[in-house]
Amino acid sequence: MSNSYPHYINHFPSLLSVNRPHRPLCPMEFSSYNIKPTISLSSFYLIILSFATIPETHVTGSKACNFPAIFNFGDSNSDTGGYSTSYYRARPPYGKTYFHMPVGRYSDGRLMIDFMANKVGLPYLSAFLDSLGSNFTHGANFAYSASPITPQTRGLPQGGFSPFYLDVQHRQFMQFKDRSQFLRKHGDVFKRLMPPKEYFTRALYTFDIGQNDLGAGFFGNKSIAEVNASVPTILSRFSTDVKNIYNLGARSFWIHNTGPIGCLSYILANFPIRSDQMDGSGCSKQHNDVCQYFNHKLREAVLQLRKDLPLAAITYVDIYTAKYSMFSQPRKYGFEQPLITCCGYGGKYNFNSSYGCGETISVDNRTFIVGSCKNPSVKVIWDGIHYTEAANKFVFDQLSTGRLSDPPIPLESACHRVLS
């Protein structure tokens, strides 16, 4: 695959091929996908979640933790430049709203990880793979676009997934921890750019990953039941990686569940979803059912991790509920046409996998650049997969207070453990 393809195609390789030669698929070809209609699990999972709502919990304290650093692991939802600096550079209009230029984030502006850093009084995180102008004194970002939890059979640059799956990110962190202390001993500029040893135990460790594992199943010609069946293995790998990072000294964990990808344009535009398979917000029920199941099992995994890692403070964060509210009640929160892509071109959802945001395209003898909508601040979806800065800020505001967290503590107090 050449660099002329839009970056987000690399998140989901089967937008390019599903057991076929390397060529772009046109929308009509998705009719052969094996997404089998099933009896909706929405009601079932909502019942489960209603009985498994966040219980009244007690934590070891509530004071601000004064985190000196953040170490982040994830995919494009929190990538601050890893993918852009090492593989495919983001182009305008990415970054237009806040930075007024592309800065490696796949949004028109800031991501949730940016707002999180600001909330705890830290600068924006430098991407671990960005060698130019980076400052790692207050942490590092190991998130990389197209990254899953589990390794995938097809990787970049053939239109596949990132080779920096979660275990690789953990290993990068392990090297970073060792090498940063070696460099600090040299003094001078190195000492000013690397975190002190004590920061690693006192830092906040954030995770936002899993969407690409589900996407790999959806676009890999698997049925809904088959994607669900893969979830326990995915989360087993996740738990192992969290334990490995804990063994390197991490103690405070902030773990996001996955959002409602059945509401995103790249799902709605590329799968043959009937009207009776959509919910009242226009989202795909069966795709969101899988997300709900993933989140239910993730929460179980977090409860087990608390038992296995007695010195850890682990906060489970319900990002799904916050994101879905923008699709179910857009006017209440100041959004318009939440299912329509802001920076895209073509079709019902202003999205086509062959016409990426910022790409120069030719249609009907016209050549033009796929540009942004006039007012991203009222849009939810930026480029068909990622969210606008306005949406990211809204979700952050919902999560940072602790209202949607287990235990229900604010971000700045996430070092406090749940009492048995």
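The values are calculated or read from the model by the stated rules, or taken from the named source; none is laboratory data. What you see is a predicted model, and the numbers here were worked out from it, not measured in a lab. Here the Cβ positions follow ideal geometry from the backbone for every residue, glycine too, while neighbour counts run over all protein chains shown. The accessibility values were calculated without ligands, DNA or RNA, using every heavy atom of the protein model including side chains. Shrake-Rupley method; radii C 1.70, N 1.55, O 1.52, S 1.80 Å.
Filter region 217-243 for residues that are farther than 19 Å from Phe253 by Cβ, among the β-branched types (Val, Ile, Thr) and at pLDDT 95 or above; which is most open to solvent (accessible area, probe 1.4 Å)? Here the residue is Thr233.
Scan region 244-267 for residues that are among the polar types (S, T, N, Q), part of a helix (DSSP H, G or I) and open to solvent by less than 10 Å² (accessible area, probe 1.4 Å) and jot them down. Scanning region 244-267 gives a single hit, Ser265. Residues to consider are Gly210, Gly262; find the one that is under 19 Å from the mean Cα position of the chain (by Cα), modelled with pLDDT of 95 or more and at positive phi. Of Gly210, Gly262, the one residue that is under 19 Å from the mean Cα position of the chain (by Cα), modelled with pLDDT of 95 or more and at positive phi is Gly210.
The set of residues in region 81-131 being surrounded by fewer than 19 Cβ atoms within 10 Å (Cβ to Cβ) and under 15 Å from Leu204 (Cα atoms) consists of Asn118, Lys119, Gly121, Leu122, Pro123. Selection over region 274-322 of residues that are free of Cβ contacts under 8 Å to residues at least 40 places away in the same chain, within 27 Å of Ala391 (Cβ to Cβ) and hydrophobic (A, V, I, L, M, F, W, C) gives a count of 1.
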